[in-house]
Amino acid sequence: MFTGRAAARLQPMDTLVIAGRTFSSRLIVGTGKYSSPPVMVQAHEASGADMITVAVRRVNITLPGGGGQASLLDYIDTSKYVLLPNTAGCYTAEDAIRTARLGREAGMSNWVKLEVIGDERTLFPDNAALLDATRVLVSEGFVVLPYTSDDPVVCRKLEDAGAAAVMPLGAPIGSGLGIQNANNIRIIREFAHVPVIVDAGVGTASDAALAMELGADGVLMNTAIAGAQDPVAMAEAMKLAVRAGRLAYLAGRIPRKMYATASSPVEGVVGR
Amino acid sequence: MTVQTLLARLEIDPRRVAVEQNLVVLKRAVFDRTEVSEGDQIEIVNFVGGG
């Protein structure tokens, strides 16, 4: 009789559901810092991601060719990937709200990765402003996925405010430090009734696997892939890591013990 | 001039952008009917790479 988390393993597909929408991949990737669009496209493909996040910025009309440069959307097959506009770079709730509304209109989708940054060096979120912006955008019909701290209380408040998921950071954006506070991520998952997606700070595959082993429903990353020496290979590594971590979580790991427990029988040893 | 005309002058593809006029986001469908006036604050944004 299979019960509990192991039972989920036996479902045909262990999918990620956010706001009623199903994703087969639990890895969400960004579009920033790639060395070139073709590399980005190949990395996205290798990652197996279903959802890709994009930033919203003013069109640079001073560049040669006016506004007619190639657009990011020229490189993303929107029939294959779900676009998730983000409010990266916004330091106030007002800016984030305006950016979200513009992103909705540009992308014809009401999903938004909401970021309200509180500090330039750490890019840690301004959670008070984030909560305000979440409430406003939820009331306007947005599906809000807020980037936030690894603070279970803030995550609970965001969920109560109507966020469709909570996205606690593992470590500062782009830092590659991995999961700085594993126990907090575990607690956030325990308390939350919406998906928990670890967003920011992942550096290498084991970080992503750890996030999933802690019970996260997904992982979002950009720099870990785009900044790797071989982004396409790292994207594949991340795809595998997210799957491995998820399987390990569902498989139910052994408890940690301070001392040894022999794996082989103690009786019948020659010479004893 | 309309927003549509403005975008054409700037060589911007209307399908790739969102436009805000005086803090109000405009629906793409009304670009050709919305007049731009002197003193208007216009934001024209598109999607770019970012995390």
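Taking amide H as placed 1.01 Å from N in the peptide plane, the amide H of A:ILE28 sits under 5 Å from that of A:VAL219, A:LEU220, A:MET221, each at least 5 places away or on another chain.
Please work out whether the range A:120-199 counts as rounded, prolate or oblate from its C-alpha gyration tensor, where a ≥ b ≥ c are the square roots of the eigenvalues and a/c under 1.5 means rounded, while otherwise a/b larger than b/c means prolate and anything else oblate?
It comes out oblate by the Cα gyration axes.
Most mobile of A:GLY178, A:GLY32, A:GLY201 per a Gaussian network model of chain A (Cα springs, under 10 Å)? Fluctuation is largest for A:GLY32.
Note that the range A:19-35 has calculated 3J(HN,Hα) couplings of 6, x, 9, 9, 10, 7, 9, 9, 10, 10, 10, x, 10, x, 6, 6, 6 Hz, one per residue in order, obtained from phi through the Karplus relation 6.51 cos²θ - 1.76 cosθ + 1.60 (θ = phi - 60°); glycine and proline are x. Kindly point out which whole DSSP H helices in chain A project their C-alpha atoms 30 angstrom or further along the helix axis while averaging a Kyte-Doolittle hydropathy of -1.0 or above. TM-like helix candidates: nothing returned. Put B:PHE31, A:PHE191 in order of accessible area, highest first, and with a 1.4 Å probe you get A:PHE191, B:PHE31. Have a look at A:ASN183, A:ASN60, A:ASN86 and tell me which one the Gaussian network model of chain A (Cα, springs below 10 Å) gives the largest fluctuation. For chain A, modelled as a Gaussian network with Cα springs under 10 Å, the answer is A:ASN60.
Considering only A:ARG26, A:ARG189, A:ARG253, the mean-square fluctuation computed in a Gaussian network model of chain A, springs between alpha carbons under 10 angstrom, is largest for A:ARG253. Is the C-alpha gyration tensor of the protein assembly as shown telling us rounded, prolate or oblate? Criteria: a/c under 1.5 is rounded; beyond that, a/b larger than b/c is prolate, otherwise oblate. Prolate, since a/c reaches 1.5 and a/b exceeds b/c. Each helix, a run of at least 4 DSSP H residues, gives -39500 (n - 2.57); summed and divided by the residues of chain A, these come to -11000 deg cm²/dmol at 222 nm. Here's how it looks for A:ILE18: its modeled amide H is under 5 Å from those of A:PHE23, which are all 5 or more places away or on a different chain. What lysines does A:LYS80 reach when the alpha-carbon gap must be under 30 Å and sequence neighbours fewer than 8 apart in one chain are set aside? The reachable lysines, counting only those whose Cα sits under 30 Å from A:LYS80, are A:LYS33, A:LYS113, A:LYS239, B:LYS27. The mean number of Cβ atoms from other chains found within 10 Å of a Cβ in peptide A:18-31 is 1, as a whole number.
The values are calculated or read from the model by the stated rules, or taken from the named source; none is laboratory data. Worth saying up front: this structure is predicted, and the values here are computed from it rather than measured. Backbone-built Cβ (ideal geometry, glycine too); neighbour counts: all protein chains shown. Note: accessible area is taken over every heavy atom of the protein model, side chains too, but ligands, DNA and RNA are not part of it. Shrake-Rupley method; radii C 1.70, N 1.55, O 1.52, S 1.80 Å.
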